[in-house]
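A.B. asks: The structure is given below, and queries will be raised subsequently.
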Amino acid sequence: EHVDAAIRAARAAFPAWSARPWQERVAIIRKAADLMSDRLFEMGANMSLEIGKNRLEALGDVEETADLLRYSAGAVEKNNNFNFELLSESDKHHNRSMLKPYGVWVVISPFNFPGALAGGPTGAALVAGNTVVLKPATDTPLTAWFITECLRDAGVPAGVFNFLTGSGRVVGQGLIDHPGVDGITFTGSYDVGMHIIRTFANGRYPRPVIAEMGGKNPTIISKKADLDKAATGVMRSAFGLQGQKCSACSRVYVHQDVKEQFMGKLVDATSKINVGDPTMQENWMGPVANKGAFEDYKKFVADLHTSGDVVFGGEALEVGNGYYVAPTIVDNLPLSHDLWKTEMFLPIVTVTGYEEMDEAMVLANDVEYGLTAGFFSEDKAELQWFLDNIQAGVVYTNRASGGHHRGVAGLSVVWRLEGQRQHGQSGGQLPLCAAIYA
């Protein structure tokens, strides 16, 4: 009932919103971004309480949300609403390229970036002239409500933006199955993402889907690496937001000659992490998202204690009112073990040694995912080798492979398809173009 009502409202509002001068839509979306920046601390504090982000990550998520809205507005303005005059055969003919909005666009967003991955796609769809129905993760409805308030207060008319809460099985599935939806942006699991792609491919014509469906991201460490930099980078990428990022490093391949030294530095860096209430400035890791994640952690580490060597962590923590777990480093896990290829979405990283760099590259690429990858080396030729051979959409050298800075301040990183776990484009200008058709 609520799904039908939201889509009816969005459909009814579409003609007037899409016909509105694009300059007015740009101004409204920019105003919403400014309101998010003005409400930075209120939204950030809510995010820390709602999902366990530390102070810095929560504030960064809010500002990234605002920046993504500004980026989409700027792209429409810079490109004259994607309306261009083309060459003509003669003065008697006039050719133009014009992109038009689809209609009702759905955004289903995840818990881990409840601002950026809800507000970013929403802003892109709205400024292009679509109307939107947003369904956030069940763990983060309040962050989505803050976004709703900013859009409303900026002047988005009733019906143009619609906010639904509820489970994925009921509300999410209702949106996916609804014939009144013209396109969708989804961030979440591979199984659900592929279900959406297949569903939207049926019918009279395929409907557009932008789906980001996880990662199992490798880092390769050369014997020519700065090991202090490598240890810090792996630690920050693997354990930031409790490992609950699709871009997090979860497997490391380090040259055998420097493995022992690297492991010592990684354990040392990890031992300095403070785990506790994420609203307190001294704490870097908060709790995992929910009881399900907590139970998954216990299940995985029980297996890892048996199958490999847990050299750090591997236990639940009683440090406060929440689902707290220790950052966990695992060595000597057989390469045949399925956790080398299974996305755990938890603060667990597996490490193994290699003898030849080509061997490491084969292992790094031997997954169905292809989201991010990292490499540490002080040798320029090795850096180029990595960039030429890695199969990932976003790659980093000599930094934490888990940064999240897509389309911010005009610096666009496109998260493209590599392997089987992404569909469409979810970064830079292309998501905006995906929400409008030629």
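A.B. asks: Identify, please: which residue in region 100-125 is of a type outside the set (Phe, Trp, Tyr) and part of a loop (DSSP other than H, G, I, E, B) and is, among those, nearest to TRP22 (Cα to Cα)? Walk me through how you get there before you give the answer.
C.D. replies: Taking region 100-125 first, the residues of a type outside the set (Phe, Trp, Tyr) are 100-101, 103-104, 106-110, 112, 114-125.
Restricting the remaining residues to those that are part of a loop (DSSP other than H, G, I, E, B) gives 103, 109-110, 112, 114-115.
Numbers: GLY103: 15, SER109: 26, PRO110: 29, ASN112: 32, PRO114: 27, GLY115: 24 Å.
Selected residue: GLY103.
A.B. asks: Could you please find all residues in region 324-350 being of a type outside the set (Val, Ile, Thr) and in contact with a Cys (Cβ under 9 Å, 6 or more places away or on another chain)? Even if it seems obvious, please write down each step before you answer.
C.D. replies: Taking region 324-350 first, the residues of a type outside the set (Val, Ile, Thr) are 324, 326-327, 331-341, 343-347.
GLU343, PHE345 - these are the residues of region 324-350 that are of a type outside the set (Val, Ile, Thr) and in contact with a Cys (Cβ under 9 Å, 6 or more places away or on another chain).
A.B. asks: For region 268-317, give me each residue that is more than 25 Å from the chain's Cα centre (by Cα), assigned to a loop (DSSP other than H, G, I, E, B) and of a type in the set (Asp, Glu).
C.D. replies: Scanning region 268-317 gives GLU282, GLU315.
A.B. asks: Filter region 248-267 down to residues that are small (Gly, Ala, Ser) and touching a helix residue (DSSP H, G or I) at 6+ places or on another chain (Cβ under 8 Å), then give me how many there are.
C.D. replies: Counting residues in region 248-267 that are small (Gly, Ala, Ser) and touching a helix residue (DSSP H, G or I) at 6+ places or on another chain (Cβ under 8 Å) gives 2.
A.B. asks: Residue by residue through region 1-51, note down the ones that are outside any helix (DSSP H, G or I) and free of Cβ contacts under 8 Å to residues at least 40 places away in the same chain.
C.D. replies: GLU1, PRO21
A.B. asks: Could you list all residues from region 164-206 that are more than 22 Å from the chain's Cα centre (by Cα) and touching a residue at least 60 places away in the same chain (Cβ under 8 Å)? First the steps, then the outcome.
C.D. replies: The first filter runs over region 164-206 and keeps only residues more than 22 Å from the chain's Cα centre (by Cα), leaving 170, 174, 177-182, 199, 201-206.
Across region 164-206, the qualifying residues are GLY174, HIS178, GLY180, VAL181, ASP182.
A.B. asks: Which one of these does GLY286 not meet: (1) crowded, with 18+ Cβ neighbours inside 10 Å; (2) without any contact (Cβ under 8 Å) to a residue 60 or more places away in the chain?
C.D. replies: The number of the failed condition is (2).
A.B. asks: So which of LYS216, LYS224, LYS229 ends up being crowded, with 18+ Cβ neighbours inside 10 Å, farther than 24 Å from ILE7 by Cα and in contact (Cβ under 8 Å) with a residue 40 or more places away in the chain?
C.D. replies: Working: LYS224 fails: crowded, with 18+ Cβ neighbours inside 10 Å; LYS229 fails: crowded, with 18+ Cβ neighbours inside 10 Å.
Criteria check complete, one pass: LYS216.
A.B. asks: Would you pick out the residues in region 129-140 that are free of Cβ contacts under 8 Å to residues at least 40 places away in the same chain and surrounded by fewer than 24 Cβ atoms within 10 Å (Cβ to Cβ)?
C.D. replies: The answer is THR138, and nothing else.
None of the figures in this text is laboratory data; all of them are computed from the coordinates on show. Since this is a predicted model, take the numbers as computed values, not measurements. When we count neighbours, we look across all protein chains shown, and the Cβ atoms used for this are built from the backbone with ideal geometry, even at glycine.
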